[in-house]
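The values are calculated or read from the model by the stated rules, or taken from the named source; none is laboratory data. Model, not experiment: these values are computed from the prediction. Every residue, glycine among them, receives a Cβ derived from its backbone with ideal geometry; neighbour counts consider all protein chains shown. The protein model used for the area step is the full one, side chains on, heavy atoms only, and it has no ligands, DNA or RNA in it. Shrake-Rupley method; radii C 1.70, N 1.55, O 1.52, S 1.80 Å.
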Amino acid sequence: MSSSENFLDSVNKMFDQSADLLNLSNGLAEKIKVANSTYTVRFGVRLRDKLETFTGFRSVHSEHWEPVKGGIRYSPFASQMEVEALAALMSYKCSLMDLPFGGSKGALIVDPKKWSKKELQRITRRFTQELAKRDLIHPSQNVPGPDMGTGEDEMAWMADEYKRLHPTEIDALACVTGKPVRKGGIEGRIEATGRGIQYVLKEFFEHPEDYKKAKFSPGLEGQKIIIQGFGNVGYHAAKFLSEEEDSRITAITEHKGSVINDEGIDVESLKNHFDEKGSFEGFDGFTSDSNKILEKKCDILIPAAVEGVINLTNVNQINTKLIVEAANGPVTAEADQILCKKGVLIIPDFYANAGGVTVSYFEWVKNLTHMRYGLMQRRETERRQTALIDGLEEMMDRDFPVDLKEIIVNGATEIDLVRSGLEETMRNGYKKISRKWHADKRIRDLRTAAMVIAIKRIADSYYFLGI
Ligand code: NAD
């Protein structure tokens, strides 16, 4: 069985365990579990004097809410099974986080490193045309976003191609999220998933009942963290946890080697090095080993690369108290059972990495309202707050402390509002999951609690549709 088959099996096994705890009407669990449709497309692009054929997928898992939402991955290893597993996770994620979307996911079998920017643009535009033909990219039907191997550029090309195909569609920009800010994107989208991981961990340490189960001392400060994957999600998680929470990032592992530093890695320096050289080689603490780093002792392990990396071959060597699944599906269902028995806590993917889709939701709403966040309130807030402070200074006959004055007077900008909305969503998410976990003795872990909430909401949605 291929690794992608295992991934879909894993997601479905985790679904079954949770669905069994709910008294769903006959056949409903099966209906929720399976993908509604998966479209495969093969198209040609003439590149370097040769007609290259590409294969892409867009899977729609559940349309209980529309549009459906989910990223597009560029990877030489993409497959239908993988896309279906990822689409299912999107349904559970949006349901759990109360976002008004069904679940979808897309992929293109391509190695983005093999092609120039210009060539990738032509490939992406052709893929978009194929998706648009079937409304698999559409502001009110199906809204892609970035995932592994894609980013702002691909999303901007997709939005532009969609706009060319629908020149009179006023909401055309809402057909895809993760665009550059100057092309209809939103401040804070790039950092959103990594920022979300920071909020997840901050909230976790607000729950003594939970962190004591894994024998943690309070607070994120000084916790030793290992991260796998130094792309969008891994880099931002490492950056915010080290710079703003004073956690110690003791190892970061990538495809071709890792960096280890028990005192804590300087994340920004490593990022500059990685961007310049394309690898960690030559950086202080470099080792060519990638595989064994996940087994190094740490307090918190954050896999932020690909699925299935913690599996039956290495699960018994994992030496951590907490795993935060920043990647989708990094722990297989079998490994999950073993870790659970050993008392290792796992914060599940479809909650932990929901920061990305949360800010994508803000971007989609921004595109539909055609107005940037904070535009109407900012100056008005500043006027009121200034009047309040002036009044206080007059009454007390003393100057208000300057640093506090600045915080109180300044109205919120788009990035302030995005971070506030993201923090609220992520923190609330953890509270709901933790509450469910402790309220029902049959629920053995955070993943089951999160899945039970997600499935129940989808089931309710079907019920109200009369299904
Ligand atoms: P990315 O392409 O920006 O980065 C992934 C990084 O992981 C790359 O640097 C790659 O070299 C590295 N990598 C790949 N396989 C590896 C391996 N076996 N060992 C070590 N490193 C490896 O991708 P990303 O956007 O950061 O996504 C990472 C994960 O997070 C994926 O599972 C994705 O589905 C998930 N995710 C991403 C977002 C988002 O907003 N980008 C949102 C939710 C979930």
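Some values worked out for this structure:
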read-out	value
Subset of the range 435-467 [among the β-branched types (Val, Ile, Thr) and open to solvent by 70 Å² or more (accessible area, probe 1.4 Å)]	Ile467
Output for the range 56-92, where each listed residue is free of Cβ contacts under 8 Å to residues at least 60 places away in the same chain, buried (at least 24 other Cβ atoms within 10 Å of the Cβ) and more than 17 Å from Arg42 (Cα to Cα)	His61, Ala87
Residue in the range 32-46 that is in a helix (DSSP H, G or I), open to solvent by less than 10 Å² (accessible area, probe 1.4 Å) and at pLDDT 95 or above present	yes
Residue match in the range 367-387 (condition: surrounded by fewer than 16 Cβ atoms within 10 Å (Cβ to Cβ), more than 16 Å from the ligand (Cβ to nearest atom), within 30 Å of Ile453 (Cα to Cα) and hydrophobic (A, V, I, L, M, F, W, C))	yes
Options Glu169, Glu154; residue that is buried (at least 24 other Cβ atoms within 10 Å of the Cβ) and either in contact (Cβ under 8 Å) with a residue 60 or more places away in the chain or more than 15 Å from the ligand (Cβ to nearest atom) (or both)	Glu154
Filter result (open to solvent by 10 Å² or more (accessible area, probe 1.4 Å) and either farther than 18 Å from Ala85 by Cα or over 17 Å from the mean Cα position of the chain (by Cα) (or both)) within the range 325-336	Thr332, Glu334
Test: residue in the range 95-102 that is at positive phi, out of contact with any Pro (no Cβ under 8 Å at 6 or more places or on another chain) and at pLDDT 95 or above	yes
Residue count for the range 210-243, restricted to those that are more than 14 Å from the ligand (Cβ to nearest atom), under 20 Å from Leu322 (Cβ atoms) and either more than 20 Å from the chain's Cα centre (by Cα) or small (Gly, Ala, Ser) (or both)	16
Selected residue (only one of Leu322, Leu339, Leu312 is open to solvent by 20 Å² or more (accessible area, probe 1.4 Å), of a type in the set (A, V, I, L, M, F, W, C) and away from the ligand (no atom under 14 Å from the Cβ))	Leu312
Any hit, the range 26-41, residues being more than 27 Å from Val452 (Cα to Cα) and touching a Phe, Trp or Tyr at 6+ places or on another chain (Cβ under 6 Å)	yes
Candidate set: the range 342-363, residues that are of a type in the set (A, V, I, L, M) and farther than 18 Å from Ser434 by Cα; chosen: the one farthest from the ligand (Cβ to nearest atom)	Val359
Some residue of the range 373-390 being more than 30 Å from Leu86 (Cβ to Cβ), touching a Ser or Thr at 6+ places or on another chain (Cβ under 9 Å) and either among the β-branched types (Val, Ile, Thr) or at pLDDT below 95 (or both)	yes
Residue among Asn26, Asn6 that alone is surrounded by 15 or more Cβ atoms within 10 Å (Cβ to Cβ) and not in a strand (DSSP E or B)	Asn6
Residues located in the range 412-426, provided they are of a type outside the set (A, V, I, L, M), in contact (Cβ under 8 Å) with a residue 12 or more places away in the chain and surrounded by fewer than 16 Cβ atoms within 10 Å (Cβ to Cβ)	Thr413
Conditions (1) assigned to a helix (DSSP H, G or I); (2) within 14 Å of the ligand (Cβ to nearest atom): number failed by Asn328	(1)
Members of the range 248-269 that are open to solvent by 10 Å² or more (accessible area, probe 1.4 Å) and either in a helix (DSSP H, G or I) or closer than 16 Å to Gln223 by Cβ (or both)	Arg248, Asn261, Asp262, Glu263, Gly264, Ile265, Glu268, Ser269
Filtered residue count, the range 134-151, keeping only those that are out of contact with any strand residue (DSSP E or B) (no Cβ under 9 Å at 6 or more places or on another chain), more than 16 Å from the ligand (Cβ to nearest atom) and either within 17 Å of Thr38 (Cα to Cα) or open to solvent by less than 60 Å² (accessible area, probe 1.4 Å) (or both)	2
